[in-house]
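Notes for the one structure printed next.
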């Protein structure tokens, strides 16, 4: 079982880099907000993943960054955080809203005053609850709060060698989950049972968790781009679409594959082949220096030329790292250029009215085309 992690020195360097950006930006600090389901921002700077409660990292322009947590997470945070300063605040309590009478909890006036913050950027701008925003505005004034997602993204767009190693291991464990599904699958098993097979195999092999809720979408459910498994039993002659992803040291990869049990009808096989060809084309086009919009236009043009343009929803790729799906998306409206060491999930999701599928693999952008993180074969699987 391989052990991958991000060293303490890299976490410290992330804070220093953000402070250097703040020095040029002019704001006094950044509040990086995260939730249990969207943990990426805080985990990137503190290696802390909230449970039940929400959380944030406060990075002042100078001085030590600190982890902000809810009232119940002190011992948990001390065991996990890479930041030495941990502050409990009522605003980060769980959503059942306990009052914690008698608990000594910090206020925003104290925290912001101690760090000499008058102007504050917020990363996680679209996640932060209105209640926390209002409490911040009561101290600083709403005009002194601003969106800082773009500032943090300057750090996360390209990946370090340690980050790429974590993603490689996450891809390997994702394959282990899918291979376990292939060994177990048979008509009559439910989507939920097969998702459980994948999750159990990945955790047993060394994943810290699944990267997202595992998807097994069969028959009419295969048209769902985002889904959850149900108690529907899988059947022969239909597309069963799997998205299986593992998380390692905070980093998530994925493998997406369609499977057909028994005979595969000719129209289904042709549809699956177009998607597979589109994935292979995308991987080849993921070259450093290429405009992301050009990749999307060429791939969508190929799919359209095969008669399936109407089945395109998005893509053909999205960033991956701390989240299996993170900024940026590769799409026809993209305005960025691919850079070496960017990491993406090539994600071809196509859906007709009654059937759909996903082909998905992690890649690193290289000068000569995408470096696959997954070694698992890309082929139409009929069992």
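Every number in this text was worked out from the coordinates using simple rules, so none of it is lab data. From a predicted model like this one, the values you see are computed outputs, not experimental measurements. We place every Cβ from the backbone using ideal geometry, glycine too, and count neighbours over all the protein chains shown.
Could you work out the per residue convex hull volume over the alpha carbons of segment 119-209, in cubic angstrom? Mind dumping the intermediate values first?
Numbers: hull volume 14.1 nm³, N = 91.
Convex hull of Cα atoms, per residue: 155 Å³.
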Cα-based Rg then Dmax for segment 295-383, in Å, read 13.6, 42
Taking Cα pairs closer than 8 Å and at least 6 residues apart, the relative contact order of segment 161-382 in percent is 23
Taking every C-alpha to C-alpha distance in segment 161-382 and binning by 5 Å from 0, the per-bin percentages run 1, 8, 16, 20, 20, 17, 11, 5, 1, 0
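With r as the distance between the Cβ atoms of residue 313 and residue 64 and R0 = 45 Å, compute the FRET efficiency 1/(1 + (r/R0)^6) and round to 0.05. Please report the intermediate quantities before stating the final value.
Working: r = 44 Å, r/R0 = 0.98.
Efficiency at R0 = 45 Å is approximately 0.55.
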To the nearest 10 degrees, the tilt of helix 191-205 (Cα long axis) against the first principal axis of the alpha carbons of the chain is 60
Out of 347, 284, 25, a Gaussian network model of the chain with alpha-carbon springs under 10 Å gives the largest mean-square fluctuation to 25
The relative contact order of the chain, taking Cα pairs under 8 Å that sit 6 or more residues apart, comes to a percentage of 14
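Could you grab the Rg to Rh ratio for segment 241-360? Cα atoms only, Kirkwood for Rh.
Values: Rg = 14.5 Å, Rh = 14.8 Å.
Rg divided by Rh gives 0.98.
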Taking the reciprocal of mean 1/r across every pair of different Cα atoms in the chain, the Kirkwood radius in Å is 22.0
Note to self: C-alpha centroids of segment 354-383 and segment 275-314 sit apart, in Å, by 13
Here, segment 8-156 modelled as identical Cα point scatterers in vacuum has Debye log10 I(q)/I(0) at q = 0.12 Å⁻¹ of -0.43
When 349, 178 are arranged by how many other beta-carbons sit within 10 Å of their Cβ, fewest first, they go 349, 178
Rounded to the nearest whole number, the per residue volume of the convex hull around the C-alpha atoms of segment 80-170 in Å³ is 166
Two pseudo-spin positions, 7 Å from Cα along C-beta at residue 74 and at residue 94, lie apart in nanometres by 1.8
Quick numbers on segment 236-294, Rg and Dmax over C-alpha atoms in Å, give 15.4, 44
Rounded to whole angstrom, the alpha-carbon centroid of segment 91-132 lies from that of segment 182-242 at a distance of 39
Largest fluctuation, 127, 276, 338 only, Gaussian network model of the chain with Cα springs under 10 angstrom, belongs to 127
Quick note on 212, 314, ordering by fewest other C-beta atoms within 10 Å, gives 314, 212
Rounded to the nearest 10 degrees, the helix 292-305 long axis (Cα) sits at an angle to the longest Cα principal axis of the chain of 20
Largest fluctuation, 68, 272, 145 only, Gaussian network model of the chain with Cα springs under 10 angstrom, belongs to 145
For the pair residue 133 and residue 297, the simple spin-label estimate (label points 7 Å beyond Cα toward Cβ) gives in nm 3.5
For the chain, the longest principal axis of the Cα atoms and the Cα long axis of helix 130-140 enclose an angle in degrees, to the nearest 10, of 30
Of the convex hull drawn through the C-alpha atoms of segment 1-53, the volume per residue in Å³ is 95
